[in-house]
1. Just grab the label-to-label distance for Q480 and S308, each label 7 Å out from Cα along the Cβ direction, in nm (one decimal).
2. Any idea how far apart N508 and V290 come out in nm if each label point goes 7 Å out from Cα toward Cβ?
3. For the Cα atoms of the chain, what angle does the longest principal axis make with the long axis of helix 60-77, in degrees from 0 to 90, nearest 10?
4. For the chain, please report how many Lys pairs fall under 27 Å Cα to Cα, leaving out neighbours fewer than 8 apart on the same chain.
5. Taking amide H positions as placed in the peptide plane 1.01 Å from N, state which residues far from R543 in sequence (5 or more) or on other chains have amide H under 5 Å from it.
6. Of the beta bridges DSSP finds with both residues in the chain, what % are antiparallel, to the nearest 5?
7. Keeping all protein chains in the complex and leaving out DNA, RNA and ligands, what accessible area do you get for L42 with a 1.4 Å probe, in Å² to the nearest 10?
8. Could you work out how far apart the two model spin labels at R28 and V447 are, taking each label as a point 7 Å from the Cα in the direction of the beta carbon, and quote it in nm?
Amino acid sequence: MDAFRTLHRAGSGAARASLTATIDRLRRKSPWDRLALGLFALAVLIVVATFRAYGVTWDEDCQNWYGNLVLTYYLWLIGAAHAPHWEVLYRYADLYNYGALFDLIAAIANRFSPLGVFETRHLLNGLVGVLGLVGCWKLGRRLGGPRAGCVAALLLLLTPNFYGQMFNNPKDVPFAVGFVWTTYYLVRLVPLLPRPPLRLVVKLGIATGLAMAVRVGGLLLLCYLGLLLSLFGLWQAIAARRFSRLVTIGWASLWRIFAPVTVIAYAIMLVFWPWAQSDPLHHPLQALAVFSKEIFWAKVLFDGHLISANNLPWDYLPVFIGLALPELTLALFLAAPIMAIVALMRRHAWRCERVLPLFLLGFTIVFPVVYAIAVKAVLFNGMRHFIFVLPPIAVAAALVADRVLAWLETFDYRRPVYAALGLYGLAHLSIMVMLHPDQYIYYNGFVGGVAGAENRFKLDYWGNSFAEAVRGLEARLRKQYGADFEDREFTVAVEGPVVSARYYFPPNFRSVTYPKNADFVIGFSLPEADHAPVDQPICKVKRMGALLSVVVDHREALAEQRIAKRPLAAIPRRAPATAPY
């Protein structure tokens with residue numbers, strides 16, 4: 001017993017010492033760092049409190065299926081499951097062209113989670129998004145100091161297109177997180193070239209591999225690494241006025257940095273991508289070629305016109321990126337090139353360890369967009385596939401904001417400016433609250449907000465609002481039928497992603513394929529859901545005056561169809577006349 005008490009006192013003392021050391025470290029940190037840590041804690045709390053409000057999006061059902069298939073594959077390898085049916089995968093869209101990092105982890109989590117399948121995925125997706133906020137903070141802090149890092153994380157959190165998709169975008173958000181962390185490690189690499197510590201090289205390889213394990217486009221990050229190493233070698237050769245310096249640094253960088261990072265990243269990618277394992281060289285390049293020449297036959301809504309996704313105007317992507325950014329973030333970002341030019345004009349500004357990281361930041365924003373325009377990439381769903389440029393944009397805007405805040409400290413009339421910024425922040429935050437849980441449909445004031453974008457640009461292209469539409473229909477029918485509601489069956493057709501609505505059906509809702517056979521039809525707009533002159537909208541999901549989805553009552557038209565199919569049964573037959581004898 002005495003030994004137990006001694007052990008207990010020792011454990012308590014160690015815990016108190018650890019807690020005291022943690023508090024001391026926090027006290028020594030910059031106030032901006034403490035504020036950033038508080039921001040992350042708040043973000044986690046918001047995710048945990050609100051993840052259930054987000055609906056199932058268009059791709060989530062097949063992504064969930066893919067994750068379970070890959071999990072089955074690995075369980076089969078250890079003899080714990082039946083052999084997976086890969087032939088089904090090759091017929092089911094193009095999922096085999098993607099790594100299964102997030103979907104595999106979600107499938108594993110769903111084996112143990114007490115939550116629903118998609119609720120578990122949404123919680124996990126939201127926490128991955130918070131990890132992206134941390135990466136954005138670290139990148140901003142590395143480039144501009146504690147204040148810039150904190151502002152970068154705040155700007156990204158307040159970017160509705162990122163925040164709204166944090167919960168139910170299982171491809172683009174995890175890829176963006178891997179992208180920003182890789183960019184951070186690339187920036188850390190610069191001052192330690194040409195012989196960085198092995199630990200940093202391993203971290204860079206892991207971050208790159210995790211991005212590649214979500215989308216094969218992460219191979220671009222290896223190109224960024226090669227470009228960075230080449231520019232560093234060229235810089236040193238010019239400074240030394242010796243071409244041999246370029247060769248020496250290039251060779252050292254190849255085997256000390258590029259080769260290890262590539263091996264680590266490629267190995268991680270293969271772990272989470274079974275299709276690539278069957279042909280590690282050809283299949284990833286084949287997938288990259290498929291995405292480079294993707295064909296999408298549907299038309300997209302752009303500035304009020306339906307345009308083929310295969311023949312978009314050059315400004316499609318820049319316009320969507322510009323309209324998806326909050327006004328303040330957009331203004332700061334547009335000022336970044338000007339401030340960079342002014343800074344480079346100063347004496348002693350051209351230092352390798354300063355210029356290369358900033359160049360890399362700008363390159364990660366500009367190059368993907370310019371390349372997509374140059375090759376006339378097939379794009380749809382606005383800027384969804386380019387969410388990975390939002391964290392670097394937030395960092396660039398934060399670097400400008402940091403300089404503006406430094407200047408305001410010496411400005412005599414700074415208090416009114418602070419007040420105006422505070423009011424703008426509250427107004428923007430109120431917009432995000434009013435859009436909840438559909439923040440990703442946000443458009444800034446330059447197009448008149450969400451209401452101004454209606455019928456000019458696509459709003460809820462992923463069916464996030466269908467969950468609310470189903471709940472609204474259920475509430476209306478419960479009110480109409482009262483205690484008899486559960487004894488009745490209702491048929492519902494969905495013009496759009498079926499699972500986005502069906503997942504939220506009560507037991508007495510039955511999904512049907514054809515709207516003409518349904519009691520109710522759910523669609524993105526009235527023309528999509530209205531299939532008969534007598535159809536009436538009975539539930540509309542709106543945000544800030546803009547329609548996201550609608551439920552149409554088709555029962556009257558359905559009853560007319562049923563009557564029309566049996567006209568003779570409703571008319572009494574006349575007895576045949578008999579001839580008199």
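The values are calculated or read from the model by the stated rules, or taken from the named source; none is laboratory data. Treat the numbers as computed from the prediction; the structure is a model and nothing was measured. Neighbour counts are summed over all protein chains in view; Cβ atoms, including those assigned to glycine, are modelled from backbone coordinates with ideal geometry. We work out accessible area using only protein heavy atoms, side chains counted, and drop any ligands, DNA or RNA first. Shrake-Rupley method; radii C 1.70, N 1.55, O 1.52, S 1.80 Å.
1. So the label points at Q480 and S308 sit 4.3 nm apart.
2. About 4.5 nm, to one decimal.
3. Approximately 70 degrees, to the nearest ten.
4. 27
5. L548
6. The antiparallel fraction comes to roughly 70 percent.
7. Surface accessible to solvent at L42 totals approximately 90 Å².
8. Distance between the two pseudo-spin positions: 4.9 nm.
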